[in-house]
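Single-structure report; data block below.
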Amino acid sequence: MRSFLFMLSALAIVGLAFWAYRENYATQQSLREVRDLHDQIGAAHARLTVLNAEWAYLNRPDRLRDLVELNYERLGLLPLTPETFGRLEQVAYPQPDLGPILETVETSSAGEDRP
């Protein structure tokens, strides 16, 4: 009986060692994937920084003004001046569609007699 318990214990230890071996390699693979993802995120941030710098460079007011002047005949663009922009009060906001009135409501003033 004792030898059976020793064999069972030895098999359990071998099984646990095999499981730990597989978990170790799975963990290492996961850590490599995480490291690769961090590298990709860093590269994406660097690309985003470059794209933001290019966007700021291409949207300089003096460059846009020169483009407007160069393409005025073709596109009919107007130069950007403070007078080009309107005030908030000048914006015509669309009125919400209330739909047709289906029911009438009688109203009266408080001091008036009704006929």
> Which of these, A26, A56, A44, has the largest mean-square fluctuation under a Gaussian network model of the chain (Cα springs below 10 Å)?
Replying inline: A26
> Could you give the angle, 0 to 90 degrees to the nearest 10, between helix 2-58's Cα long axis and the longest principal axis of the Cα atoms of the chain?
Replying inline: 30
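Semi-axes of the chain's equivalent ellipsoid from the Cα gyration tensor, sqrt of 5 times each eigenvalue, largest first, rounded to whole Å?
Here the semi-axes work out to 74, 42, 11 Å.
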>> So for each of 4-12, 91-99, 62-70 I average, over its residues, the number of other beta carbons within 10 Å; can you give me the resulting order with the highest mean first?
In response: 62-70, 4-12, 91-99
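How do E83, E33 line up, fewest other C-beta atoms within 10 Å first? It would help to have the intermediate numbers written out before the result.
Values: E83 7, E33 10.
Placing the least packed residue first, the sequence is E83, E33.
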> Which FRET efficiency value, to the nearest 0.05, do you get for M7 and L31 by plugging their Cβ-Cβ distance into 1/(1 + (r/R0)^6) with R0 = 35 Å?
Replying inline: 0.45
> If Lys and Arg each add +1 and Asp and Glu each add -1, what is the summed charge of the other residues whose beta carbon sits under 15 Å from the beta carbon of Q29?
Replying inline: 0
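I'd like to know how the range 3-71 sits against the 2.2 N^0.38 Å rule of thumb: what's its Cα Rg over that expected value?
2.68
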> In degrees, nearest 10, range 0 to 90: what is the angle between the Cα axis of helix 61-70 and the longest Cα principal axis of the chain?
Replying inline: 60
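Values in this text are rule-based calculations from the coordinates and carry no lab data. Bear in mind that the values here come from a model prediction, so they are computed numbers and not experimental data. Virtual Cβ from ideal backbone geometry, glycine too; neighbours counted across all protein chains shown.
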